[in-house]
Amino acid sequence: MTPEIVILAMIAAFLGLRLYSVLGRRAEHEEEPIQGRFEGRQGQKPGAPRVSAPPRADQRGDERARAEQPRQRAIPLAPPAVERGLAEIAHVDRRFDAGAFLDGARSAYRMILEAFWKGDKAELRQLCNDDVYASFAAAIDARVEAGETLDNRLIRIEETGFTAAGVENGYARITLRFRSDIAAVTRDADGHVIAGSLDDAIEAVDVWTFGRAVNSPDPDWLLEETDEG
């Protein structure tokens, strides 16, 4: 066999092997399933969760509006005039949520009562306006001067309801009526009970008004008026 024939045979064998290698890999690749357009991202590892199709522009707008809309909690029934007042407050203060306000007012009711009973003026200073704070502070001073202490306990808040609400000159006011059970005891300087009993709770009805400037960066409402129901 001449050298030319041997060289040609080697070239033909080399080309055959290259052609088989390319066609074989292409055939194996074509057998793999084709990934859907939104079933995964480029470079995503096998087994990773699928990526859903992005929402349309109008869907994104609806979802954004729903996310920005405050979640209003259920509130007790109120007279139409009170409902209008609450709506006015919500209109000028986008952060206002009547249900959340009611929850916060219940907590404030307990905190203010307990602070007054303990004589905690610092706590009252943060929760009341100047007039109400001055009234509470004077009562605490008189109690201390008489050597008396209060051993009162708020057993439960039976009912809380709106009685008035509205906005005037950028200032919002909401009045609530609290009906609660309180065990009240007054002790003298020696710790002896001089009035009340912890065994028998009495029903207390308080009408409190909270206020807040709607354009204030401080979201807290302050107690600005107290009365008995």
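The values are calculated or read from the model by the stated rules, or taken from the named source; none is laboratory data. Keep in mind it's a predicted model, so treat the numbers as computed, not measured. Just the protein is used for accessible areas: all its heavy atoms, side chains included, with ligands, DNA and RNA removed. Shrake-Rupley method; radii C 1.70, N 1.55, O 1.52, S 1.80 Å.
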When every protein chain stays in place and a 1.4 Å probe is rolled, His192, His91 sorted by accessible area with the largest first are His91, His192
Expected field for Val82, accessible surface area in Å² at 1.4 Å probe radius, rounded to 10, holds 10 Å²
Here the percent of antiparallel bridges among DSSP beta bridges lying wholly in segment 75-228, to the nearest 5, is 95 percent
Residue-normalised value, i.e. accessible area per residue, for segment 75-228 at 1.4 Å probe, in Å², stands at 55 Å²
Per its Cα gyration tensor (rounded if a/c is under 1.5, else prolate when a/b beats b/c, else oblate), segment 75-228 is best filed as prolate
Accessible-area order for Asp200, Asp97, largest to smallest, probe 1.4 angstrom, reads Asp200, Asp97
Expressed in angstrom and rounded, the centroid-to-centroid distance over alpha carbons for segment 191-229 and segment 130-145 is 14 Å
Applying the gyration tensor rule to the Cα atoms of segment 113-195 (axes a ≥ b ≥ c; rounded if a/c under 1.5, else prolate if a/b exceeds b/c, else oblate), the class is oblate
